[in-house]
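For reference, the structure discussed in these notes is given below.
The values are calculated or read from the model by the stated rules, or taken from the named source; none is laboratory data. None of these values were measured; they are calculated from a predicted model. Cβ placement follows ideal geometry from the backbone for every residue including glycine, while neighbour counts extend to all protein chains displayed. When the accessible area is computed, the model is the full protein with side chains, heavy atoms only, and any ligands, DNA or RNA have been set aside. Shrake-Rupley method; radii C 1.70, N 1.55, O 1.52, S 1.80 Å.
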Amino acid sequence: MATVFMKWLETQPEKYDRGIQLLTLGKLHKLQDRLVGLLVRPGMRVLEIGCGTGALTVAIAAKGAEVVGIDLDSGMLAQAENRLAASGLYKNVVLEHVDAALIAERFKPNSFDLIVSSLAFSEMSRDTQAYVLSACHSLLAPGGRLAILDEMSPHGWTARFAVAMVHIPLRFITWMLTRTTTNPLRDFQGTLERAGFRADVIERTLLGSLCLFLAEPKLDDGSQPLPVSFKGRLRYRMSLRTLLVDLWAVFFRIIPPYPKMQPGLYSIGQPTPDSPVLVTGNFELTVRRLVKAIDHHLHVWLLVVDSSGINVWCAAGGGFLTAERIIGALSTSRLDEVVNHRALILPQLCANGVDGWLIRKQTKWGVHWGPVRAADLPAYIQAGRKKTEDMRQVRFPLRDRLEMLAATMGFYAMLILIPVALLWPSSFWPLLAAMLGLSLFYAITLPWLPGIDGLAKSLPLGLIALAGMLLYSWFVHSTALADIFNRVVGLTGLSVFVGAELQGMSPRMRGEQANWGWEAIIAVLLGLAYWLIPRLMGWR
Amino acid sequence: MAESPSMLEMLTEHIDLARRLRVLQIHFYPERCKGVWQCYEVCPVGCWRPDYEKRVVAFEHGERCIACGACVLQCPEGAIELKVADD
């Protein structure tokens, strides 16, 4: 259910505009208008990096310039298409689904008179910022300029506090809608200078938290190579923070925001230019488990790719970890300058969404599908990148089943147990015990319960639970028939719910949502029985 | 401008999608297979068996398939499709 709600929010990009306008108190549009009025002239060739829903794109085209708008979010681009169609300016505008990190490959040098960007740089990692800026340097025609409108981290304690009041809700909304978080830019003028631009802030508003930068390439520059962006060595360490994150992840890992790492190039151990390169997503738990599994066994380079903080399998399936993201990360990390081979080892489980051939064709890097589990990496690499049958297959052992049980129960505890504790405190402990008992029993016996899906498996689960309860009620602690009836209804409902919901946590079943219709029907029938039968029998 | 879906529409769409997901089946066209074995490399449930002599793969254990689509995406010859049986 929760996932559907999140998905639904994601399909509402037009709300993004309203949200952003509200949270920047309308100042964003004022600054965008100012940018267009000051810098855009008819006939100019303009590139907009991160065009989003196309508000600025259309405003630039309306002044008679030719605009290419690029964005990585296809939902946003679709919204921009709609806006464009409504404005009738589509002759002047081309919208493209391109990662900002790949503009140097996509466009020819000297092809733009103006490059603009609004709230896009704050969504990039620092590596990507530097890389995109150096690409802008070559894409600008002589006399061309770069205008960047973005969120800044202001100077001073009071200003920072005041801005935080605006920024925290802004972060939340942006995350809900686009699954991206913004990191207000720090010392962006310095970043621009280092990328070979002479830059000035020409407008600032909201206590300096929203700034418009205007930059032009320094003449004597342009050939200065970027330093290789190495993020550092990863070691497996426990700290109070990792303990808290782990504790959170045990119960609430399906609730965003997910703990994530800064994407970029890292090392595990002390790799040389000949050492293997591993690729993974930026869910912090994934990276930490990977480091734990292979530190002291291997010396490798680790390319952490932005997967929106989601584990590789889900991120690849949901379109958050893609070949484009990996190609972008290869460019921005300048990995080809670090190692002297061209072999990437990708997690096997991202193959459902990462097009290996696209990476091979566009980058000349070789793609090798590593093992499913990080623990198998040392053996896989020592065998010369050969997998055994066991390394290829997803398993769902008891340990994983218990882990998934905790994560599911954590979520439903919030949804069900908290209201019950508040409204019917007397039912709290019996309900908690029944939920825990049933799901624990289910998690342990899952492989042996008959049936291939959760709903079918909930039938034997329910029968066993009912038999246990009846035996207990008759022989150990005799109870009135009316109470036994209530327990029968409650246990049946819980069994169906536990069986069907925990199915979503298993990697080896599919389409659990198809059962929601049946779950609803069973719930209504049970409710009806609960209401009707005691009245017919004269218990109530 | 396109109407955005309501929560209820999303729910029904999700259920429909899940129902479809349950009946999706692998359709393998062995005559297109050139023995690249990417399907074998990426399948997480062991549905593909490489035949090293004939340089092709065989599709086995269809009942294990979880319709993740990895083999479809990685096959350079378009020899694998994932579709509903009577489509």
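A few notes on this one:
- Flagged links, alpha-carbon separation over 31 Å, of A:K387/A:K457; A:K364/B:K34; A:K27/A:K91: A:K387/A:K457
- Those lysines that a straight Cα-Cα span of less than 24 Å connects to A:K30, excepting residues fewer than 8 apart in one chain: A:K15, A:K63
- Within the straight-line cut-off of under 13 Å between alpha carbons, the aspartates and glutamates reachable from B:K54 are B:E31, sequence neighbours fewer than 8 places apart in one chain being disregarded.
- Helix A:126-139 and the long axis of chain A differ in direction by around 40°, with both axes built from C-alpha atoms.
- Rounded accessible area of A:R34 (nearest 10 Å², 1.4 Å probe): 110
- Pairwise centroid distance, computed over Cα atoms, of region A:130-161 with region A:281-325, Å: 29
- Environment charge at A:L119 (Cβ cut-off 9 Å; Lys +1, Arg +1, Asp -1, Glu -1): -3
- Sequence-distant aspartates and glutamates (8 or more away, or on other chains) whose Cα lies within less than 14 Å of A:K386: A:D376, B:E41
- Of all DSSP beta bridges in chain A, antiparallel share, percent nearest 5: 35
- In this Cβ point-charge picture (+1 for Lys and Arg, -1 for Asp and Glu), the protein assembly as shown has a dipole of about 980 debye about its Cα centre.
- Assigned charges on the beta-carbon of Lys, Arg, Asp, Glu; region A:282-421 dipole about Cα centre (debye): 320
- Legend: mean number of C-beta atoms from other chains within 10 angstrom of residue C-beta atoms, peptide B:67-79, equals 4.
- Helical content alone sets the calculated 222 nm signal of chain A at -15500 deg cm²/dmol, taking -39,500 (n - 2.57) per DSSP H segment of four or more residues and averaging over every residue.
- Positive-pole candidate from A:S478, A:A433, A:F497, dipole of region A:430-540, charges at beta carbon: A:S478
- Along principal axes, Cα extents of region A:25-166, largest first, whole Å: 47, 33, 30
- P(r) weight above 16 Å for region A:266-349, C-alpha pairs, percent: 49
- For the segment A:350-361, counting C-beta atoms of other chains within 10 Å of every residue's C-beta and taking the mean gives 4.
- Percentage, to the nearest whole number, of Cα pairs in chain B over 18 Å apart: 50
- Summed over all non-identical Cα pairs, the Kirkwood treatment of region A:432-540 gives a radius of 14.7 Å.
- Distance from the C-alpha centroid of region A:454-500 to that of region A:79-93: 60 Å, rounded to the whole angstrom.
- Considering only region A:233-347, percent of DSSP beta bridges that pair antiparallel, nearest 5: 40
- Within region B:10-87, GluC sites (Glu not before Pro) in DSSP loop having at most 12 other beta-carbon neighbours inside 10 Å: B:E53, B:E60
- In chain A, the longest principal axis of the Cα atoms and the axis of helix A:398-412 are about 80 degrees apart.
- Counting Cβ atoms of other protein chains within 10 Å of each residue's Cβ and taking the mean over peptide B:44-52 gives 3.
- Cα gyration tensor category, rounded, prolate or oblate, for region A:46-112 with a/c compared to 1.5: oblate
- Size of electric dipole in region A:248-312: Cβ of Lys, Arg +1 and of Asp, Glu -1, about Cα centre, debye, nearest 20: 260
- Ratio Rg/Rh, restricted to the protein assembly as shown and using Cα atoms, in which Rh is the Kirkwood radius: 1.01
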